[in-house]
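S.K.: I'd like to ask some things about the structure below.
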Amino acid sequence: MNNSNQTGAPAKRDSFIDFTGLITKIPLTKGKIICLIIAILLPFACSQLTLPGAGEKAGIALGICLSVIVAMFGGLVSCGPAGAILCFLGIITGTLDSATLTGSVGAGLFFQFVGLCTVGYGIESTPFGSRLAYLLLEKFGQKPRNVVIILLVATAVLSSMISNFATLVLMSTIAHRILQEMGIKPGNKFGAACMLAVVAGACTGGMGFLQGSIGVNMYSLNAIASSTKGGYTITAAQWAPVGWITLIILLPIMAVVYLKCVKFSNTDINLPGTDYYRQKLYELGPVGGSEIRWLVMMISLVVLMIMGFTTLNLMLIFAFLAVCPGIGVTNTRDAFSKGIPWEVVFSCATLAMLGTILQANGVAAWLGDLLAPMLSGVSPLLMMLLLAAGAALMTNVCIGGTYPTIAVFISCTAPVIETLGYHPAIILMPTIIVISFTVCVYAQSTVYANYIYGYYDVKEPVLPGILTCIAGVIIASLVCYFLAPILWGTSLYL
């Protein structure tokens, strides 16, 4: 028997050292090997440093944190394994107390994360998302420009309640069906505008509610809490008004951006009539009890969180209600195996320790002393703009760089911001918001899943994506600077 696959191509050899990435799916290329060597050497090199005013183990603590960041940016590990190795190295070098890890704020966020994912997954097991999209298109989608706007808005609304990627997949499928019905072929500018509107809505809608971009939002909040002495964070009740005000201001700007950047002619577009959308709604069947239950459950959860009920308690009870016999909206197996991104949950409690290590070993204080003279004259608003712009740039340029970006722009900066006397959560909320804006590069996972339909080329997301990021940075910073202290009943200054 020859060692080949069904196509006749030779099968990859399962060697003792998996250089090809046959099992791990991460090939050890020349670049990755260099990155691995750098990551290994960094802790040893930094351990020789003497950081004025920092702790005895500040050098090794800095080296460990830089090593993990380099490994993530180099594509050697994702956020889950990176968190595991960070905590392991921290414990064996004495830069992280194991009791701090087991009793970290991640324990509380774990339950919140699981609860929000469980309830949010209910929409994927019901036709509610598809029904909402078809209803809006039936009512308002009689002009080509309106179709693009409706796809943008509907995707953003759904993305505010469930994961960005799940929304992207759902709405891309709906948009593709509509374009097929119209006879729109890949390469058509109207098809490109529709599909890119879905990408933009999915990536930006997650700012509406805390659970919208659950991985980025929850992980970032845990990073702030674990890296600051005051344990600063943002509650769901605080997040919602700031997030939605930002989103409502941003959406019309995004609509103009995509319609101007991806221009199409109305003359060759034959939109489906309302009968098409009615047929799609008919195929979905009448509104089911599961859809009503999910909607009631989601509205109740959001209202109770905004009213100030303890989020942890709400998550515990709603996680049960979501799968409760008779009134649940999904089954237990799907909710816990498909609805919860366990690697992100794990990293919330592990990789967020990066900030804790920096704080506990005096590295954060050293950074604060180092940066304070440079930042002392920088206004809080300018600081918001610079941090958010840097995070947006890094997230879009570095493919798969979301979580290392959080490590750099949240975990490392939060203690410095606290040292400067500013409220870290307020200053960093614009940064958290724009880290989800992976809308510029087709190779990003949130764009690629939509790009494969073939309606636009690799260059078309770039310009509208850049303009969307710039608008998001500015609007989020202005809203957080002027309104967050008022809406949260707190001060920007400590």
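S.K.: Does residue 63 satisfy the criteria of being closer than 17 Å to residue 411 by Cβ, free of Cβ contacts under 8 Å to residues at least 40 places away in the same chain and open to solvent by less than 50 Å² (accessible area, probe 1.4 Å)?
M.R.: Working: closer than 17 Å to residue 411 by Cβ: yes; free of Cβ contacts under 8 Å to residues at least 40 places away in the same chain: yes; open to solvent by less than 50 Å² (accessible area, probe 1.4 Å): yes.
Taking the combined requirement at face value, the residue satisfies it.
S.K.: Residues to consider are 399, 406; find the one that is at pLDDT below 80, hydrophobic (A, V, I, L, M, F, W, C) and either under 21 Å from the mean Cα position of the chain (by Cα) or in a helix (DSSP H, G or I) (or both).
M.R.: Details: 406 fails: at pLDDT below 80.
Matching residue, one of 399, 406: 399.
S.K.: Can you tell me which residues in the stretch 113-140 are modelled with pLDDT under 80 and within 19 Å of residue 280 (Cα to Cα)?
M.R.: Selection gives 123, 124, 125, 126.
S.K.: Within the group 346, 320, 309, which residue is open to solvent by 70 Å² or more (accessible area, probe 1.4 Å) and at pLDDT 85 or above? Please lay out each step first, then the result.
M.R.: On the way: 346 fails: at pLDDT 85 or above; 309 fails: at pLDDT 85 or above.
Unique residue meeting the criteria: 320.
S.K.: Does any residue in the stretch 358-369 that is over 17 Å from residue 93 (Cβ atoms) come within less than 6 Å, Cβ to Cβ, of a residue that is open to solvent by 10 Å² or more (accessible area, probe 1.4 Å) six or more places away or on a different chain, and which pairs are these?
M.R.: Sorted first by the residue in the stretch 358-369, then by its partner, the pairs are 366/51; 366/53; 366/54; 368/419; 369/53.
S.K.: Follow-up question, since we're still on this one. Looking at (1) farther than 22 Å from residue 239 by Cβ; (2) in contact with a Leu (Cβ under 7 Å, 6 or more places away or on another chain), find the lone condition where residue 305 falls short.
M.R.: (1)
S.K.: Filtering the stretch 451-471 down to residues that are open to solvent by 30 Å² or more (accessible area, probe 1.4 Å) and in a helix (DSSP H, G or I), which residue is farthest from residue 180 (Cα to Cα)?
M.R.: Taking the candidates together, the pick is 470.
S.K.: What is the number of the single condition among (1) polar (S, T, N, Q); (2) touching a residue at least 24 places away in the same chain (Cβ under 8 Å); (3) open to solvent by 10 Å² or more (accessible area, probe 1.4 Å) that residue 300 does not meet?
M.R.: The failed condition is (2).
S.K.: Can you pull out every residue in the stretch 424-450 that is touching a residue at least 12 places away in the same chain (Cβ under 8 Å) and open to solvent by 50 Å² or more (accessible area, probe 1.4 Å)? Spell out the reasoning first.
M.R.: Step one: filter the stretch 424-450 for residues touching a residue at least 12 places away in the same chain (Cβ under 8 Å), giving 424-447, 449-450.
Within the stretch 424-450, 442, 445 meet the criteria.
S.K.: Find the residue count for the stretch 425-450, including only residues that are in contact with a Pro (Cβ under 8 Å, 6 or more places away or on another chain) and either modelled with pLDDT of 90 or more or not β-branched (Val, Ile, Thr) (or both).
M.R.: Step one: list which residues in the stretch 425-450 are in contact with a Pro (Cβ under 8 Å, 6 or more places away or on another chain), which gives 426-427, 439-442, 447.
Of the ones still in play, those that are also either modelled with pLDDT of 90 or more or not β-branched (Val, Ile, Thr) (or both) are 426-427, 439-440, 442.
Number satisfying all stated conditions: 5.
S.K.: Just to confirm my filter: which helices (runs of 4 or more DSSP H) fall fully inside the stretch 295-358 and include at least 1 residues that are out of contact with any Pro (no Cβ under 6 Å at 6 or more places or on another chain) and among the charged types (D, E, K, R)?
M.R.: Those helices (runs of 4 or more DSSP H) span 332-337, 342-350.
S.K.: Here's a follow-up. For residue 282, state whether it is within 24 Å of residue 130 (Cα to Cα), open to solvent by 30 Å² or more (accessible area, probe 1.4 Å) and more than 16 Å from the chain's Cα centre (by Cα).
M.R.: Details: within 24 Å of residue 130 (Cα to Cα): yes; open to solvent by 30 Å² or more (accessible area, probe 1.4 Å): yes; more than 16 Å from the chain's Cα centre (by Cα): yes.
When the stated conditions are applied, residue 282 passes them.
The values are calculated or read from the model by the stated rules, or taken from the named source; none is laboratory data. Computed from a predicted structure; not experimentally measured. Neighbour counts are summed over all protein chains in view; Cβ atoms, including those assigned to glycine, are modelled from backbone coordinates with ideal geometry. Just the protein is used for accessible areas: all its heavy atoms, side chains included, with ligands, DNA and RNA removed. Shrake-Rupley method; radii C 1.70, N 1.55, O 1.52, S 1.80 Å.
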